[in-house]
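The values are calculated or read from the model by the stated rules, or taken from the named source; none is laboratory data. These numbers were taken from a predicted model, which means no experiment stands behind them. All Cβ positions, even for glycine, are placed from backbone atoms using ideal geometry, and neighbour counts span all protein chains on display.
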Amino acid sequence: MSEIIVGRIVTITIAALGVFFGAAFGGSRSPPVAVKPIEVFQGEIVELKVSGIGLAAVEGQLGKETVRFYPSGRGTFSALVGVDLEAKPGPARVLVKGTQRAGGYRETQIALKIKPKAFEKESFSVPPEFDQLSPEVLERIHREQEQLTRVFSTSVPERLWENPFIAPVQGDISSSFGYRRVINDAPRAPHTGVDLKAPMGTEVLAANNGRVVLVGDFFFSGNSLVLDHGAGLYTMYFHLSEFRVQEGAEVRKGEVIGLSGMTGRVTGPHLHWGARLNGARIDPFELVKKSGGMSDKAFRSDAAADKVEK
Ligand SMILES: [Zn+2]
């Protein structure tokens, strides 16, 4: 088992799955190699690569979440693994199960070390109607959360995306991922996406190939669109002024899916871009950075910019 860096993605290769598993199945083969845990920060991603002779399929599990591996070469399977921005720092394990063509079944664990990230704090105010919520509004928010939970539990198993990912608009960051928020003087949920500067009506592009699995008007996020990129990966686009695609549509990377706006709980026009991978809320720019699609411009953060939504 070795560790290499490919395109800024940490790649773990279990060189020969059968040998690696050998010790666990009777001790007649070489013992498992002691491997240093892979360090991943909260809100970030890591790519795992598993290879072995005669491997037919691989699946993984991190906590209660399924990690979906996809074929990535002869006898090799890869998966992107996301670590939630509020994941508990410390050791974690990805359980990996490999099915062999001959019918055998092997499993191993890949050790992760979740590192805490120092998220900054930001304070801003929103109008009272977005802060003092009536029972009717709370009921609506609850329904919307359930709707999202349903959407996030039905990912297409196969991978639909192709590297690299692209940013949906060219604007600078006006509110970073993970900011601990104080809204109207009260501590709130952290920022689960990135806010990008986008004047009203800016074309919003699909970050990658996928399927439109949600189009709707939500209380906090306004006109919201969710793309399923398959294999447990979703990207979200909030506060749109217009949709350009319908639910169920297949979209290609770079296709215009809507126009930016300021619907929902906002203090100015912008695009909120979010991503979710194996149930974890991750920084969407992780996808751009670690898939070879990085541009320096995309990472310029401007704290003085217009404030925003959730
Ligand atoms: Zn936002």
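General observations
- Picking from residues in the range 52-70 that are assigned to a strand (DSSP E or B) and crowded, with 20+ Cβ neighbours inside 10 Å, the one that is modelled with the lowest pLDDT is Leu55.
- Hits in the range 142-185 - residues which are farther than 30 Å from Phe69 by Cβ and exposed (fewer than 14 other Cβ atoms within 10 Å of the Cβ): His142, Arg143, Asp185
- Picking from residues in the range 213-239 that are among the β-branched types (Val, Ile, Thr) and within 16 Å of the ligand (Cβ to nearest atom), the one that is farthest from Gly258 (Cα to Cα) is Thr235.
- Residues satisfying the stated conditions in the range 71-93, i.e. of a type in the set (Asp, Glu) and at pLDDT below 90: none
- Count of residues meeting criterion [assigned to a loop (DSSP other than H, G, I, E, B) and within 25 Å of Glu286 (Cβ to Cβ)] in the range 82-104: 7
- Pairs are defined by a Cβ separation below 7 Å, a sequence spacing of at least 6 or placement on different chains, a first member in the range 235-250 that is farther than 16 Å from Gly268 by Cα, and a second member that is of a type in the set (S, T, N, Q) and within 16 Å of the ligand (Cβ to nearest atom); the pairs so defined are Met236/Ser224; Phe243/Asn223.
- Of Arg244, Arg276, all but one fail to be within 19 Å of the chain's Cα centre (by Cα), charged (D, E, K, R) and away from the ligand (no atom under 12 Å from the Cβ); the exception is Arg276.
- The conditions of being over 21 Å from the mean Cα position of the chain (by Cα), assigned to a strand (DSSP E or B) and surrounded by 13 or more Cβ atoms within 10 Å (Cβ to Cβ) are met by Glu107.
- Residues of the range 170-212 satisfying the condition of being outside any loop (DSSP other than H, G, I, E, B), away from the ligand (no atom under 11 Å from the Cβ) and closer than 20 Å to Arg244 by Cα: Lys197, Glu203, Val204, Leu205, Gly210, Arg211, Val212
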